[in-house]
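Down below is the structure, laid out as structure tokens.
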Amino acid sequence: METMTKKKLYEAMFLVDSADAGSDWDGVIAAITKILERAEVEIVSMRKWDDRRLAYEIKGTSRGTYLLCYFRSDGQTNQDIEKAVQISERIIRVLILSADWMTTEDIEKDTPATKAEKEKEEREAAREAAEQAKAAEAQAKAAEQAEPATEPAPAEEPAQVEAVVAANEASPTEETVEAQAPEATAKPETATTPEPEAAATPEPAKEGTDDSQESQPKVAADE
């Protein structure tokens, strides 16, 4: 009776030349996938981990790109994977470790490469948004400057008409000035001071007006 071997989770870190990864990334992924499929493992995840300078040259390579891969296998075929990497022309090295304790959340965590990619996308999005806002502001200013130049006549005509009407109402025409001129000259003649009448002159006192005055002392003397 055959016994079923439970597959465990393993973590594999592949190292490739950065120049090769930059020029043919899909080819590098295809080469690693082919090795894993020959080992009959179940691929769970495969992502770029980081691009770093190597501490020392390996096969003439000073800068390498790391690929992080998770797969499930019975453990017996892991040696086949390591042997395939040794004879591969595109893969420099591989390190396989047990990762049976890891959860799905641990596997899906961002790598340094994915973090840098997200930050780059956020910066580009922010830059595009800033450029769009700047362009919209420039268009709004251009529209504000263009509005007074397109409608000068309708704004000035009513003001000119009102100014002319007000001027006509405030200053009389020559005809009205001439018509009013005689009246203005005639008024000073009528306004001259009247001559004194004869009644204003003092009349001479009549005789006998002082009889009472003269008689009074006389009466007082007789008494």
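Between Met102 and Thr77, the FRET efficiency from the beta-carbon distance, with R0 = 25 Å, is close to 0.80. Kirkwood's formula applied to the C-alpha pairs of the range 8-109 gives a hydrodynamic radius of 13.9 angstrom.
Extending 7 Å from Cα along the Cβ direction at Gln139 and again at Glu121 yields two label points whose distance is 2.7 nm.
None of the figures in this text is laboratory data; all of them are computed from the coordinates on show. This structure is a prediction, so every number in the text was calculated from the model and none was measured. For neighbour counting, all protein chains shown are included, and Cβ atoms are generated from backbone atoms with ideal geometry for every residue, glycine included.
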